[in-house]
Structure formats: C-alpha cells, structure tokens
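The structure under discussion appears below in the form of structure tokens.
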Amino acid sequence: MKEMLIELQKALVGEVVMSEELDSAANSLFDNMVPIAWQPSVGFLSLKPLASWINDLIERITFLSKWVDSGAPATFWISGFFFPQAFFTGTLQNYARKYKIAID
C-alpha cells in the first residue's frame with residue numbers, strides 16, 4: 001500500500017508514468033473506496049468505504065501488535081482476524097494436544 005501511494009504521488013506530479021493500476025487506485029481513493037489492488041493481496045476483504053476500512057485496519061494491527069508484545073489476550077476479537085477459521089483450527093489443535101484428545 002505504501003509503495004503504491006508513493007508511486008501515485010509521483011505520477012500525479014508527473015515524475016513517473018500513470019499506469020492503469022495507479023489510475024484505478026487514484027479513482028478509488030477519490031471515491032472513498034478501497035483500491036482493488038489492495039483488497040485481496042495486502043489487505044482484507046470488506047464492503048466498508050475507504051475511511052472505515054483504514055480505521056478497521058489500524059485496529060487490527062493494534063490488536064495483533066498487543067498480542068505479540070504482551071502475549072495472548074484474555075479475549076479475542078474474532079472478526080479482527082484475516083482468516084478466523086485458521087484461528088479456530090489452531091485453538092482446537094492446541095486443546096487436543098494439551099489434553100491428548102483425538103480431533104477426529
């Protein structure tokens with residue numbers, strides 16, 4: 001995202017050629033939409049407008065950073081995960097290993 005924004009700034013002032021991807025991103029940003037290039041590859045899927053999407057991204061990063069810095073939280077923000085099914089699978093596996101229970 002950062003690289004694209006830097007390139008977009010350069011393209012807007014004429015320092016680099018405006019590519020189709022940069023033009024699409026500029027139009028999305030102007031319309032308060034998440035650029036298509038960000039959605040599946042660097043961000044998370046959401047129907048929220050750009051401003052709300054950015055706020056949600058910051059909250060997700062804060063949640064995960066606190067988890068890394070301070071250890072596992074007492075409660076988890078399930079919708080804050082990019083792929084909650086993997087979290088549930090990991091939780092089930094950890095429980096099964098701890099109590100020697102077959103997952104089958």
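What follows is calculated from the coordinates using simple rules that are stated; it is not laboratory data. All values derive from a computational prediction rather than experimental measurement. Neighbour counts run over all protein chains shown; Cβ positions are idealised from the backbone, glycine included.
Among the residues of the stretch 29-53, write down those that are surrounded by 14 or more Cβ atoms within 10 Å (Cβ to Cβ) and under 16 Å from residue 3 (Cα atoms).
Passing the criteria: 29, 34, 35, 37, 38, 39, 43.
Pairs please, first residue from the stretch 88-103 and loosely packed, with under 10 Cβ neighbours inside 10 Å, second anywhere and in a helix (DSSP H, G or I), Cβ atoms under 6 Å, 6+ apart in sequence or on different chains.
103/96
Just name the residue that is farthest from residue 41 (Cα to Cα) out of those in the stretch 68-87 that are within 16 Å of the chain's Cα centre (by Cα) and surrounded by 10 or more Cβ atoms within 10 Å (Cβ to Cβ). Spell out the reasoning first.
From the stretch 68-87, those within 16 Å of the chain's Cα centre (by Cα) are 77-87; that's our starting set.
If we keep only those that are surrounded by 10 or more Cβ atoms within 10 Å (Cβ to Cβ) as well, we get 77, 80-82, 84, 86-87.
Working: 77: 22, 80: 17, 81: 15, 82: 12, 84: 17, 86: 18, 87: 20 Å.
Here the residue is 77.
Anything in the stretch 46-87 that is assigned to a helix (DSSP H, G or I), among the small types (Gly, Ala, Ser) and touching a residue at least 12 places away in the same chain (Cβ under 8 Å)? List them, or say none. Can you show your working first?
Pass one, the stretch 46-87, residues assigned to a helix (DSSP H, G or I): 50-70, 78-80, 84-87.
With among the small types (Gly, Ala, Ser) added as a condition, the list becomes 51-52, 65, 70, 79-80, 86.
Listed by number, the residues that qualify are 51, 80.
Considering only the stretch 42-51, state which residues are of a type outside the set (D, E, K, R) and more than 9 Å from the chain's Cα centre (by Cα). Let's see the steps before the verdict.
We begin by selecting, within the stretch 42-51, every residue of a type outside the set (D, E, K, R); these are 42-47, 49-51.
Across the stretch 42-51, the qualifying residues are 46, 47, 49, 50, 51.
What number of residues within the stretch 16-26 satisfy the criterion of being assigned to a helix (DSSP H, G or I) and farther than 16 Å from residue 1 by Cβ? It would help to see each step written out before you state the result.
So in the stretch 16-26, the residues assigned to a helix (DSSP H, G or I) come out as 20-26.
Those still in the list that are farther than 16 Å from residue 1 by Cβ too: 20, 23.
Total meeting the criteria: 2.
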